[in-house]
Amino acid sequence: MVSLLAAVAVLCSPQSDAQGEYTVTAVSGHGIITDSDGNVFGSAAFENGMTLEFEAETGYEFTGWAVIGDSEYTQKGSSITIKSVASDITVTAETRNYSPSTNLFSIIDVEGMPREDDTLVKIWSVGSENFTKTDGVWQGAPCTPLIVGDWAYTRAGGYLYQIDIATGAILHYVESDSLAMNYYHYISYGNGTILDTTGYKAYDLNLNYLYDIPSTLRFATYYDGYFYGCIDNGTGYLSMFKTSAEPDKDLDSSGTKINLYGQNESHPLQRYQLFAQYGQYSSLIVKNGWIFFLEATTMVGSTGYRAITAFNMETEESVTQELTGFTGMPWDDGWLTFYNGYFYLTAYCAGLFDGVIKGLENKNSAIMWVKFDFGEGKFCTPNYQDIKTPSGDTFKGIASGLVINNGRGYLLVRAVPDEDPGSNSFIAYDIAEDGTPVPESAISNNVPFSHGGLVVNTAYEDEGKVYIYMLPYDSSRQGVYLFADEYKDGKWSLASDYTKFDTPVVEWGSQAVRAGPNGELIYYIDSGKVDCYTTASKFTVNVITIDGTSATVSSGTGVNAKAVVESLYPGCIIDKDTAIMGEKTYRIYGMSVARNTWNSVSDLTSDYSATSRDSSAINAQYRYVILLADGSNKHTDATGDAGWYYLLKGEYIKCNLRSTGSMDDAVGHVMIYRDSAPTADDVPLPETMNVPFEGTETVDVSVASISTSDEGVVKVDKEDGSFTVTGITVGTAVVTVVVADRAFEINVNVLPKSTVDENGNRIVESETVKAIDGGGLEHTSDKIVTSADGKSIVRDTVIVVTDAEGATVSETVFHSETSESDGSTVTESTTVTTAADGTKTADIEYYSSTVTESGTGGVVISDTTENSLDKISGIRTDTHTVRKTLNSAVRTDITVQKFQHATNEKIGTDTVSSDVTDGLINFDVLRGDGSCIIEVPDGTSIADCADAVALLGSDAGNLMFRTGSSLTAEDSAYADSAGASVTMVYGNTTITLGPQTLGALSGDVAFESISSPSMSDVQRKVAGDAAVFDITLRSGGDVIHSIAGAVSVSVSCSIALRDGVSPAVWRIGDDGTVTEIPGASYSDGVMTFQADHLSLYALGYMPEEDGDDGDSFPVVAAVAVIAAIAACLFAAGFLFRRRARA
């Protein structure tokens, strides 16, 4: 590792260094550049030996100087000395953003963080497989994240991880002694070096080992080439620590960093009661050569030491000011802040859960501010005041730190129920010249309280907006809360209300947001994972659409991958793992970046989960999607020169579909697949193009000619080096292009046009024309407007039918409005069809309301009421639909009633229907007396039907499963627990096992029926000419003869009936003993009987007692499988027939 502090000299062969002839311009996005006199520097004429110094603003760190122009210069750390120039030059101070783990940056300047009208999207969550919540303090939980540039770092479950912020992928990891750590641990950092104070090692940003750190080091912060922190001296106190940030300096013989403090005998290490709570130590604030921090004992109430200390970084001397006004009062997470020469601190009187602490009944939550005289090296007298709203309400509950930016302070305070007069409040202060915080405005309406601090973003201050972000402590109100301070009419004032961004993770939390480089929000609450969010307008998904050997690479933004695909391809129909565009069907695949694998995706709105050998547990949204046309190949594992290529500036570039960066670079290009590197004869043309209505798509290929099969669908234009296809109406056409005397056909789908207006509403428009019988045409114009939050949809459709001569036959106008709020969805619509003569042939008003709520046992219930009024006939149709969902199973019950609308008189009888489906399983449901049969196909478990059976509830009645000749122990146990019977089928024979029988069996069950088995002579004699079957039932591998409870046996057979004599069933013993089975019946070719013992059975007419072997016995023939039991139940109950899987 090369330290950023290293001196660098660069010579760019200047030809002249004349004074004043050339200009030096300095650029910095996140900090201040000053000259040698300390003045802010922007641009000036060059002077010999010009030295510039850069100071980064909070949240950014200097990474180097970039110089454009001929010059000779040297740089050391954050300073650059320009010795000579031969042209105008520009020097840029380059920075990267960072957010520490050990302390909170309360004021940041980061663009892209969510604002009032944004929608928050979770990108990923990262934790550990080793995370446990058992008994008391959790183990293996992640620590507060560290952010540096495009990477986030966390320690969890025994590992330290480097995470790609864009995708959540684990880039590098090392072992760390953190398995036993709870959620109160942190990572120290500075200047490109990570200090793992749990694993006692230092790493670079890619987690390459650098050196050891003392096991007593509790935390450290970076300043001007050194790490400063605190070590545990074993006495219950802490001492100050300092060591060089350079890897090869200040090491002892074992390679461990030494403490530069305490080396002088005249200044031995001093002990401090450095305040620590929840594993986090008081913030170290470095100002003018001094380090400031808080000291405290753990006692609260009437006693408890509280102080602020200043430590001189050079002399190692310190000065302490006891804060007697805060004696015994709790404060939180070391929230010491500094503004304009004053240090500020808040304290409070009541804990998170309990009431006011004993001994603090006469105090209120308060603010302290104190000035430090740097010239004298001492504190001035501290000032105290109660936290109050402008109206005078006081508080006793927990208070955040007072965060001050440009004379405006912000604070969140909790009102203790039954103690404080008001409610939780977010207060804005004006800071007076003498440092006094003056409450200016407050929001007190339903504000949650926090235990994690406020973060103020000044990125939009020039626009008159300052945003303050907060995470609540309360799990029931979890989300990201946004307060806005607005500059209006010459002053700053709080917006009247806050914005809440809902988040899918709901837990208790004691954290604050930390910002990524593009405004991502990264933080940890008590879920066991670090979460990363961005806005829908910045959540980017790349979509690769493959058709044959060509592919297009597109990119879009939205709330999830499904929304992006639909915005890129309006009108695209997504059904689980398939997408239909025009006449093409595509399979959907998503890239698990965490595992670098492509997976079939059945729900583009959901996360994927991944684990790996580093014990990480990742949930992330798909950001890379392949739409694969039927019959095509993804070629994601192409090796050697084989692969996907696109043309860029005359050169073919290979795209690696396992590399996110490579796919990002290919956005906007057409790719072709080749088994070897493309040649000049290859033409990068798409086989299919998806063009929006009234939109264009351009292909950068020079063509000799171009034509279209339907000018009413697409318009084509040829230009130098490219051609353009424009969508005229929604439909399909074939475009033919000629390149170097070779003709290529491109299938074009014109899809609806999608745009977004200034309010964030998505507008989808289309026009279609199709031929109808008689030579006429049907013209359809459609416009759908969806609000930015997706909760409101307005649709307008006009359908005009013309005859063969072009005359209008009819016009239909449809208008609908759908709104969603608080689990309820309401739709209202009108449909009016008018004939050419002005007569209305249809006039329909429609209304529907759907309420969705959670039922018991995980069931989700949607209750829909629909009213459709035919205004011409005056008949109203009311439809009531109850839809119950349990996992993938769905039950739908529909009742339809008709009324004469004017009188509300019912017409006819109600129509009632019921249906149950289950993802891969479809059941046909017939309502009867409550009995039902579920036919379970081969390879499917009876237990798969559990959700559907649960939805049936009491309607299942006499439940029976019909399956093959084998039954797993799990299926047998499930059927028994459900009180169901199981019918097993083998050849021409079925047996039905009731609950009593199933309960007596153990292990897997197998059923077998052998026709014409081998028999002894005596057995053949008593069988006569009857059909004989050897029926066997095995349980756990053992043959079962005697059965608990009778089983029903059915055999399909043809018997020539005799007048007055019924066919019989008799069991044949090993010795020829005959036992006639009572109650046997023969009907419609099926013999049915009850059996409590399984062995040889004969079906037909029993031999005469005299043993006559004449023609009195029928011949049994034509054995076929048929279930008599099923036939009976079908007539009166349910039949569930499970269709084959698609």
Item to check | Residue satisfying all of: in the range 52-73; surrounded by fewer than 16 Cβ atoms within 10 Å (Cβ to Cβ) and among the β-branched types (Val, Ile, Thr); modelled with the highest pLDDT among these | outcome: ILE68
Checklist entry - Mind checking which pairs have a first residue in the range 901-919 that is more than 15 Å from ASP870 (Cα to Cα) and in contact (Cβ under 8 Å) with a residue 60 or more places away in the chain and a second that is of a type in the set (Phe, Trp, Tyr) and surrounded by 14 or more Cβ atoms within 10 Å (Cβ to Cβ), Cβ under 8 Å, 6 or more apart or different chains? => result VAL916/PHE923; VAL916/PHE1136
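Restricting to the range 569-595, give me the number of residues that are outside any strand (DSSP E or B) and surrounded by fewer than 18 Cβ atoms within 10 Å (Cβ to Cβ).
Of all residues in the range 569-595, those outside any strand (DSSP E or B) come to 569-572, 576-577, 582-583, 593-595.
Keeping just the survivors that are surrounded by fewer than 18 Cβ atoms within 10 Å (Cβ to Cβ) gives 576-577, 583, 595.
Residues flagged as outside any strand (DSSP E or B) and surrounded by fewer than 18 Cβ atoms within 10 Å (Cβ to Cβ) within the range 569-595 amount to 4.
Check every one of the strands (runs of 3 or more DSSP E) wholly within the range 197-305 and list those with 2 or more residues that are more than 30 Å from GLU53 (Cβ to Cβ).
Numbers: elements: 201-203, 209-212, 217-223, 226-232, 238-244, 285-287, 290-296.
Per the criteria, 209-212, 217-223, 226-232, 238-244, 290-296.
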Checklist entry - Hey, does the range 882-890 have a residue that's buried (at least 17 other Cβ atoms within 10 Å of the Cβ), assigned to a strand (DSSP E or B), among the hydroxyl-bearing types (Ser, Thr, Tyr) and out of contact with any Cys (no Cβ under 7 Å at 6 or more places or on another chain)? => result yes
Item to check | Members of the range 324-351 found to be exposed (fewer than 15 other Cβ atoms within 10 Å of the Cβ) and either touching a helix residue (DSSP H, G or I) at 6+ places or on another chain (Cβ under 7 Å) or part of a loop (DSSP other than H, G, I, E, B) (or both), listed by number | outcome: ASN340, GLY341, GLY351
Checklist entry - Looking at ILE875, ILE844, which one is at pLDDT 95 or above and over 20 Å from HIS815 (Cα atoms)? => result ILE875
Item to check | Flag for ASP796 being more than 26 Å from the chain's Cα centre (by Cα) and of a type in the set (D, E, K, R) | outcome: yes
Checklist outcome for this item: Condition set modelled with pLDDT of 90 or more and assigned to a loop (DSSP other than H, G, I, E, B), scope the range 721-751, selection farthest from THR585 (Cα to Cα): answer is ILE728
Next on the checklist: Just to be sure I understand, how many residues within the range 810-866 are exposed (fewer than 13 other Cβ atoms within 10 Å of the Cβ) and closer than 20 Å to ASP796 by Cα?
Outcome noted: 2
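So is PRO448 touching a residue at least 24 places away in the same chain (Cβ under 8 Å) and under 23 Å from SER496 (Cα atoms) or not? Give the derivation first.
Details: touching a residue at least 24 places away in the same chain (Cβ under 8 Å): yes; under 23 Å from SER496 (Cα atoms): yes.
Considered against the rule, which asks whether it is touching a residue at least 24 places away in the same chain (Cβ under 8 Å) and under 23 Å from SER496 (Cα atoms), PRO448 comes out as yes.
Looking for something in the same structural domain as LEU959 (by TED's automatic domain parsing), part of a strand (DSSP E or B) and among the polar types (S, T, N, Q) - is there at least one such residue anywhere in the range 1013-1030?
No: the range 1013-1030 contains no residue that is in the same structural domain as LEU959 (by TED's automatic domain parsing), part of a strand (DSSP E or B) and among the polar types (S, T, N, Q).
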Checklist entry - Given the structure, is SER84 in contact (Cβ under 8 Å) with a residue 24 or more places away in the chain and not in a strand (DSSP E or B)? => result no
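Among the listed residues LYS371, LYS363, LYS358, identify the single one that is surrounded by 15 or more Cβ atoms within 10 Å (Cβ to Cβ) and over 30 Å from LYS465 (Cα atoms). Before the answer, list the steps.
Values: LYS371 fails: over 30 Å from LYS465 (Cα atoms); LYS358 fails: surrounded by 15 or more Cβ atoms within 10 Å (Cβ to Cβ).
Testing whether each residue is surrounded by 15 or more Cβ atoms within 10 Å (Cβ to Cβ) and over 30 Å from LYS465 (Cα atoms) leaves just LYS363.
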Checklist outcome for this item: Among SER99, SER128, the single one that is surrounded by 21 or more Cβ atoms within 10 Å (Cβ to Cβ), in contact with a Pro (Cβ under 9 Å, 6 or more places away or on another chain) and under 30 Å from PHE338 (Cβ atoms) is SER99
Checklist entry - Since TYR646 meets every condition but one in (1) over 25 Å from the mean Cα position of the chain (by Cα); (2) surrounded by 21 or more Cβ atoms within 10 Å (Cβ to Cβ); (3) assigned to a loop (DSSP other than H, G, I, E, B), which condition does it not meet? => result (3)
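Of the residues GLY994, GLY979, GLY987, which single one is surrounded by fewer than 21 Cβ atoms within 10 Å (Cβ to Cβ) and under 30 Å from SER862 (Cβ atoms)?
Details: GLY994 fails: under 30 Å from SER862 (Cβ atoms); GLY987 fails: under 30 Å from SER862 (Cβ atoms).
Going through GLY994, GLY979, GLY987 in turn, just one is surrounded by fewer than 21 Cβ atoms within 10 Å (Cβ to Cβ) and under 30 Å from SER862 (Cβ atoms): GLY979.
Among the residues that make up the range 871-880, is at least one of them within 30 Å of VAL559 (Cα to Cα), charged (D, E, K, R), within 43 Å of the chain's Cα centre (by Cα) and surrounded by 13 or more Cβ atoms within 10 Å (Cβ to Cβ)?
No, there is no match, as no residue in the range 871-880 is within 30 Å of VAL559 (Cα to Cα), charged (D, E, K, R), within 43 Å of the chain's Cα centre (by Cα) and surrounded by 13 or more Cβ atoms within 10 Å (Cβ to Cβ).
Sort through ALA1056, ALA1080 and tell me the only one that's in the same structural domain as LEU993 (by TED's automatic domain parsing), under 25 Å from SER981 (Cβ atoms) and surrounded by fewer than 20 Cβ atoms within 10 Å (Cβ to Cβ). Talk me through it step by step, then tell me what you get.
Details: ALA1056 fails: under 25 Å from SER981 (Cβ atoms).
Testing whether each residue is in the same structural domain as LEU993 (by TED's automatic domain parsing), under 25 Å from SER981 (Cβ atoms) and surrounded by fewer than 20 Cβ atoms within 10 Å (Cβ to Cβ) leaves just ALA1080.
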Checklist entry - Restricting the search to the range 886-911, which residues are under 23 Å from GLY953 (Cα atoms) and among the basic types (Lys, Arg)? => result ARG891
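The values are calculated or read from the model by the stated rules, or taken from the named source; none is laboratory data. The structure displayed is predicted, hence computed values, not measured ones. Every residue, glycine as well, gets a Cβ built from its backbone with ideal geometry; the counts of neighbours run over all protein chains shown.
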